[in-house]
Amino acid sequence: MGKLLVLYSSRNGQTRKIIDAMRDEFTGYEVDMADLHTLPKKNLSKYDKVLIGASVRYGHFHDSLYTFVHTHSEQLEVADSAFFCVCLTARKPEKAEAKNNAYIKAFLAKSPWRPRTTGVFAGALKYSEYNWWQTLIIRLIMKITGGSTDTSRDLEFTDWDKVKDFARQFVRQR
């Protein structure tokens, strides 16, 4: 059985929910998980594969993502690794491909690591979980980008088939 390390940065739980859906596809692997916000220190050479998933909020990844990547950059470069981001802009088909996604491009510009595989998944708009300030900011962003400003309901944009396909392809690649 192989070993797979999954690291994640999740603000409102959607990235973690995506990883939980991927776990069904990780057959043949013992899976270790770690929250990047705890700033884990890992010896990546103990793993056959490394997967990192991170959410975008207000146009930025959490600093813990960059801290981990810079601390472990040499190990990540030789690891069989993949990266995916979760963002609301990926609700639009043209932004749902890694090659067209501004957040993937920004991450790669700031990162010494070049993952072998990258992916982008649409997240969720969870107005019910935001405080009044977050709601105000996110409604403004949604208005500017043509998204929903209806705070009476939450919306989930994640394409679960795409999530599972990404996971299957990642564990099958050599």
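The values are calculated or read from the model by the stated rules, or taken from the named source; none is laboratory data. Fair warning: this is a prediction, and the values are worked out from it, not measured in the lab. Don't worry about glycine lacking a Cβ; one is built from the backbone with ideal geometry, like all the others, and counts go over all protein chains shown. Each accessible area value is taken on the protein alone, full model and side chains, heavy atoms only, with ligands, DNA and RNA left out. Shrake-Rupley method; radii C 1.70, N 1.55, O 1.52, S 1.80 Å.
By a 1.4 Å probe calculation restricted to protein chains, T15 has an accessible surface near 0 Å², given to the nearest 10. On the beta carbon distance between K3 and H37, with R0 = 22 Å, the FRET formula returns roughly 0.45.
Please give the calculated 222 nm ellipticity per residue for the chain, where each DSSP H segment of at least 4 residues contributes -39500 (n - 2.57) and the sum is spread over every residue; nearest 500 deg cm²/dmol? -10000 deg cm²/dmol, from helical runs alone. Using R0 = 30 Å, the C-beta based FRET efficiency linking A106 and Q169 works out to 0.80. The slack between A21 and K99, meaning 0.36 nm per residue of separation minus the straight C-alpha distance, is 25.7 nm. Among the listed pairs K42/K164; K46/K92; K42/K92; K49/K143; K46/K126; K41/K143, those whose Cα-Cα separation exceeds 31 Å are K46/K92; K42/K92; K49/K143; K46/K126; K41/K143.
A value for Cα extents along the principal axes in Å was derived from the coordinates, and within the list (1) 54, 38, 24; (2) 47, 30, 28; (3) 52, 38, 30 it appears as (2). For the chain, a simple Cβ point-charge model (Lys and Arg +1, Asp and Glu -1, everything else neutral) yields a dipole of about 300 debye relative to the Cα centre.
Computed with a 1.4 Å probe over protein heavy atoms only, the accessible surface of the chain comes to 51 Å² per residue.
Once the chain from T117 to D63 is taken as fully extended at 0.36 nm per residue, the excess over their C-alpha distance is 17.3 nm. Each residue, S45 and T71, gets one label point 7 Å from its Cα in the Cβ direction; the gap between the two is 1.9 nm.
So between L155 and I137, what do we pick up on full extension, going 0.36 nm a residue minus the alpha carbon distance? Between L155 and I137, full extension yields 4.8 nm more.
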